[in-house]
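Take a look at the structure below.
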Amino acid sequence: MDHSHVWEVSLLGIVLVSYVTLLVVALVNRVKRPQQATRSGIMAECERCSVDLMRSVMPDLPVQDYRFRGMRLKMSSIHVGFENVGVKLKSKGKCILEGVTGEFIPKTMAAVMGPSGAGKTTFMNAICGRAYYGTVTGEVLINGQKSSIAEIKQLRGFVPQDDIVHEHLTVREQLYYSARLRNSEDASPQAIELIVEDVLNVMHLLDVQHSLVGNVERRGISGGQRKRVNIGLELASRPTILMLDE
């Protein structure tokens, strides 16, 4: 038997093992889905009952609608300032953004508003270090220090305009893989599951957690649910600051 034939047989064996592994994982996930759905429903019902009980016993006490179990901020707060931020295209040298100054105060929600073509996405890309198509000028200050949001990538979540989801995965699988890959390696399986449960609850995705996302050809979840999954993918990383482009 020559070396080329041995290589072909080995490659075929690797492919077959990979397919069998994927099939086994898919079957295990399918078996676990009813248990996960039941557990999620019980946890959500217990949370609602405890909130209703507290509000009936102590009506003057402010009680949150949902109590996070797995979501913990990696850093208490981040102050972002920017001075004279601008962008020039590398190809043509044309200035498409100029002289933007302001700040994002911790623990608040800020909105960048303007008509189509005003440069909102360009501005977001510039301060996040994602404007690869141009030369960024100006300064970005993180907690008063000259830096870049790209340097605190592990603390920042960014939701782009276009949904980035895997059409062949369920909603829960999307969130699980995001939480597993974007949190610390020493995070326990229980902690990851709690993060997923938190995201499913706050994004109102419990009812579709085992539905495939789908695409244009294969019907899946709705457009609004798809957008919430996209946001949930970033929330699963437990960001201190979350930036959303529309």
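The values are calculated or read from the model by the stated rules, or taken from the named source; none is laboratory data. All of these numbers come straight from a predicted model, not from anything done at the bench. With ideal geometry, Cβ positions are generated from the backbone for all residues, glycine too; neighbour counts draw on all protein chains shown. Ligands, DNA and RNA are stripped out before the accessible areas are found, and what is left, the full protein with its side chains, is counted by its heavy atoms. Shrake-Rupley method; radii C 1.70, N 1.55, O 1.52, S 1.80 Å.
Simple rule: put +1 on each Lys or Arg Cβ and -1 on each Asp or Glu Cβ in the stretch 84-203, find the dipole, and look at 179, 115, 190; the Cα lying farthest toward the positive end is 115.
Using a cut-off of 25 Å between Cα atoms, the listed pairs 107/153; 90/227; 74/146; 74/107; 107/227 include 90/227 as exceeding that distance.
If eta is 0.692 mPa s and T is 37 °C, what Stokes-Einstein diffusion coefficient results for the stretch 101-228, Kirkwood Rh from Cα pairs, in µm²/s? Result for D is 189 µm²/s.
Taking the convex hull of the alpha carbon positions in the chain and averaging its projected area over all directions gives 20.7 nm². Taking the chain as a Gaussian network of alpha-carbon nodes connected by springs under 10 Å, the highest mean-square fluctuation of the residues 200, 16, 155 belongs to 16. Each residue of the stretch 221-237 is assigned a 3J(HN,Hα), and the resulting list reads 6, 6, x, x, 5, 4, 5, 5, 5, 4, 5, x, 4, 7, 4, 5, 8 Hz, derived from the Karplus form 6.51 cos²θ - 1.76 cosθ + 1.60 (θ = phi - 60°), x at Gly and Pro. Between 145, 158, 96, the Cα set farthest toward the positive side of the dipole of the chain (charges on each charged residue's Cβ, about the Cα centre) is that of 96. If only the Cβ of Lys and Arg carry +1 and only the Cβ of Asp and Glu carry -1, the dipole of the stretch 131-234 around its Cα centre is close to 220 debye. The share of accessible area on the chain that comes from carbon and sulfur is 59 percent, using a 1.4 angstrom probe. Per residue, the chain exposes 64 Å² of accessible surface when a 1.4 Å probe is rolled over the protein heavy atoms with every protein chain present. The calculated FRET efficiency for the pair residue 23 and residue 73, based on their C-beta separation and a Förster distance of 45 Å, comes to about 0.70. For the chain, the relative contact order works out to 21 percent when only alpha carbon pairs closer than 8 Å and six or more residues apart are counted.
Rounded to the nearest 20 debye, the dipole magnitude of the chain is 200 debye, with +1 charges on Lys and Arg beta carbons, -1 on Asp and Glu beta carbons, and the Cα centre as origin. Surface calculation, 1.4 Å probe, protein heavy atoms: residue 130 sits at approximately 80 Å² accessible.
Proximity of backbone amide H atoms, modeled 1.01 Å from N, is registered between residue 159 and 243, 244, 245 at under 5 Å, excluding neighbours fewer than 5 places apart on the same chain.
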